[in-house]
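Just below is one structure, and these are the notes that go with it.
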């Protein structure tokens, strides 16, 4: 495929609930030479904890969502300046899903930008996978909340007109091969 493709053709999102192997898969794609982005949620949490900020999901979920959206928007803009396919560890719609999960309203500006700034029509979604799920300092969600997050992310992407491609519960190398076959890269 040519490098002149627009984002809707070459921007591939990996979404789903926490702890389903998305970031590990993104790291493997990066190791295979693909352009990737970092997950906004974990990045914001790390930055806020380091600076002793309060834009954390367990302190100020609305501010946390704003920071995640800013991060995802910057990732999208950076990807526009790159050639070839880019694999996103979540996308702008994930922030909308997070706000819904938290019972918070979705600002019109966020909804508008998530609708306008498109990714490839097929979104890779990592299903809940209890055998690899784990909590840590930044991932504090229970297994039940991880499953609910998956459900809301799936609903959010479908509502925005995307189709979902479920990632197999398989070793990382098999997931990389699955994505390569699905994308043609």
What are the residues in the stretch 147-179 that are farther than 18 Å from residue 97 by Cα, assigned to a helix (DSSP H, G or I) and in contact (Cβ under 8 Å) with a residue 24 or more places away in the chain, if any?
172, 173, 175, 176, 179
Subset of the stretch 24-47 (residues that are surrounded by fewer than 20 Cβ atoms within 10 Å (Cβ to Cβ) and part of a helix (DSSP H, G or I))
24, 27, 28, 30, 31, 42, 43, 46, 47
For the stretch 7-22 the number of residues that are over 16 Å from residue 168 (Cβ atoms), in a helix (DSSP H, G or I) and within 9 Å of the chain's Cα centre (by Cα) is 0
When the stretch 50-82 is examined, which residues are found to be in contact with a strand residue (DSSP E or B) (Cβ under 8 Å, 6 or more places away or on another chain) and assigned to a loop (DSSP other than H, G, I, E, B)?
82
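Computed from the coordinates by the stated procedures, all read-outs in this text should not be read as laboratory data. Bear in mind the structure is a predicted one, so any value in this text is a computation, not a measurement. Counting neighbours? That spans all protein chains shown, and the Cβs are built from the backbone with ideal geometry, glycine included.
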